[in-house]
Amino acid sequence: MEPIILGIESSCDDTSAAVLQGTKMLSNVIASQAVHIKYGGVIPELASRAHQQNIVPVIDTALREAGVTADDLDAIAFTRGPGLLGSLLVGVSFTKGLSLAKNIPMVEVNHLQGHILSHLIDLPEENLPHPKFPFLCLLVSGGHTQLVKVTSPLEFEIVGSTIDDAAGEAFDKCAKVMGLPYPGGPVIDRLAHEGDAEKFRFAKPSVDGFDYSFSGLKTSFLYFLRDRMEENPNFIEENKADLCASLQKTIIDILIKKLVKAAKALDINEIAIAGGVSANSGLREAIVEEGRRRHWKTYLPPLKFTTDNAAMIAVAGYYRYLNGEESDLGVAPVARLEELL
Ligand code: KG4
Ligand code: ZN
């Protein structure tokens, strides 16, 4: 019998719990926090309070939907970081309490590795293809952008990362400048469908190696809009779809260029994408298209596994549990990725 793992994710603004048996997902419950929308971004203090309200019902529902009780669990996998400290603390504290009360081992998971390993989740009703090792993953989330060589479910090598903003941040910040609601990524994606991606050109960065940069694009977008708005105060309103399409295409081009470069240098043709921005329809199409041209095998996560969810934390925790890894009660959440390594 494969072990039953409860996953708990609370790193940002989604409270999520999932139950997996081995890699097979039995439930995956997500409570998204609407409280941040009116502020145009996540307010950390409000996020931790909402996690506290949500965590018990979310875990309860996940156990119930999976048809198990806390006594059936073999391990609890939790996100230790990176993320918002107060938010992480809610998940970590709950994990400790349940672990202590029921004498269940707890296993810490790096949130970013969770995003990548979402490609290993099995669904009862659907055969999901899994990348073969080693694979190269373009990880694009709200806070991080990385190219990661994945040699096994436990071995990750970051071959490139952003030197400033993440791709998701570029989407969200540029959306904010255009007056679009938070998070801006999905809104830009939707509007881009009606726009002309060739209408506007924005500066692309030149960064060495496999690293990324998005802050220059954000700044040039901001100045571009400011200049145009001086001439025509309705400029954004009149060109919204074209602006979204052109901006999205620029971000995708930047992402793909380094992915291609790294895939060539590492001689890997198993290519995956993961993280919130991997929901972007333009990016998904572009990866498939590039893959066709370069004879890659490309792996797109199902949309429900692109943004934050606990199933990905549970699957990452499952492999760590198999490897005999266990966290002790003294474990503390960690906000920054660098401190996790
Ligand atoms: O991975 P994620 O859920 O949270 C972090 O770990 O950061 O990623 C959230 C990010 C946000 O920046 C959001 O705008 C972006 O993912 N995102 C998208 C799309 N859906 C979510 N960006 C572009 N197009 C989308 N369809
Ligand atoms: Zn995430």
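Other residues lying with their Cβ under 10 Å from the Cβ of SER16 contribute a combined charge of -3, Lys and Arg counting +1, Asp and Glu -1. In this simple spin-label model, placing a label point 7 Å from the Cα along the Cα-to-Cβ direction at both ILE37 and SER215 gives a separation of 3.2 nm. Remark: the chain carries a charge dipole of roughly 560 debye about the Cα centre, counting +1 on each Lys and Arg Cβ and -1 on each Asp and Glu Cβ.
Multiplying the residue separation of LYS261 and GLU325 by 0.36 nm and removing their Cα-Cα distance gives an extension gain of 19.6 nm.
For segment 198-250, applying the loop criterion from DSSP together with a ceiling of 15 other beta carbons within 10 Å to the trypsin sites (Lys or Arg not before Pro) yields LYS199, ARG201.
For GLU338 and ALA101, a Förster radius of 30 Å and the Cβ-Cβ distance give a FRET efficiency of 0.35, rounded to the nearest 0.05.
Rounded to the nearest 10 degrees, the angle from helix 44-66 to the longest Cα principal axis of the chain is 50 degrees.
With the Cα gyration tensor of the chain giving a ≥ b ≥ c as the square roots of its eigenvalues, does the rule (a/c under 1.5 for rounded; else a/b larger than b/c for prolate; else oblate) give rounded, prolate or oblate? Prolate, because a/c is 1.5 or more and a/b exceeds b/c.
With the helix formula -39500 (n - 2.57) applied to DSSP H stretches of n ≥ 4, the chain reaches a computed 222 nm mean residue ellipticity of -14000 deg cm²/dmol. Sorting the segments 121-129, 278-286, 36-44 by their mean number of nearby beta carbons within 10 angstrom, highest to lowest, gives 278-286, 36-44, 121-129.
Find the relative contact order for segment 1-133 and round it to a whole percent, using C-alpha pairs within less than 8 Å whose residues are 6+ positions apart. So the answer I get is 28 percent. The packing ranking, built from the mean of other Cβ atoms within 10 Å per residue, places the peptides 4-11, 134-141 in the order 4-11, 134-141, highest first.
What angle do you read, to the nearest 10 degrees and between 0 and 90, between the alpha-carbon axis of helix 281-294 and the longest principal axis of the chain? Taking Cα atoms only, the helix is inclined about 90 degrees. Please list, in order along segment 213-221, the HN-Hα scalar couplings obtained from phi with the Karplus expression 6.51 cos²θ - 1.76 cosθ + 1.60 (θ = phi - 60°), rounded to whole Hz, x for Gly and Pro. Whole-Hz 3J(HN,Hα) from phi for segment 213-221: 8, 10, 6, x, 4, 4, 5, 5, 5. Net charge within 12 Å of LEU128 by Cβ-Cβ distance, Lys/Arg positive one each and Asp/Glu negative one each, not counting LEU128 itself? Result for the local shell: -1. Peptides 205-212, 181-188 ranked from most to least packed by the mean count of surrounding Cβ atoms within 10 Å: 181-188, 205-212. Other residues lying with their Cβ under 12 Å from the Cβ of GLY317 contribute a combined charge of -3, Lys and Arg counting +1, Asp and Glu -1.
Amide H contacts of TYR212: SER161, THR162, ILE163, each under 5 Å away and 5 or more positions distant or on a separate chain (H built 1.01 Å from N in the peptide plane; Pro and chain starts excluded). Taking the 1.4 Å solvent-accessible surface of the chain as the whole, the part contributed by carbon and sulfur is 51%. Under the criterion of Cα pairs below 8 Å and six or more residues apart, the relative contact order for segment 263-341 equals 28 percent. With contacts taken as Cα pairs under 8 Å and at least 6 residues apart, segment 135-301 reaches a relative contact order of 28 percent. Given R0 = 22 Å, the distance between the Cβ atoms of ARG64 and HIS130 translates into a calculated FRET efficiency of 0.20. Taking the longest Cα principal axis of the chain as reference, the axis of helix 235-266 is set at about 60 degrees.
The values are calculated or read from the model by the stated rules, or taken from the named source; none is laboratory data. All figures in this text were calculated on a predicted structure; none of them were measured in a lab. With ideal geometry, Cβ positions are generated from the backbone for all residues, glycine too; neighbour counts draw on all protein chains shown. Protein only, heavy atoms only, side chains kept; ligands, DNA and RNA dropped before computing areas. Shrake-Rupley method; radii C 1.70, N 1.55, O 1.52, S 1.80 Å.
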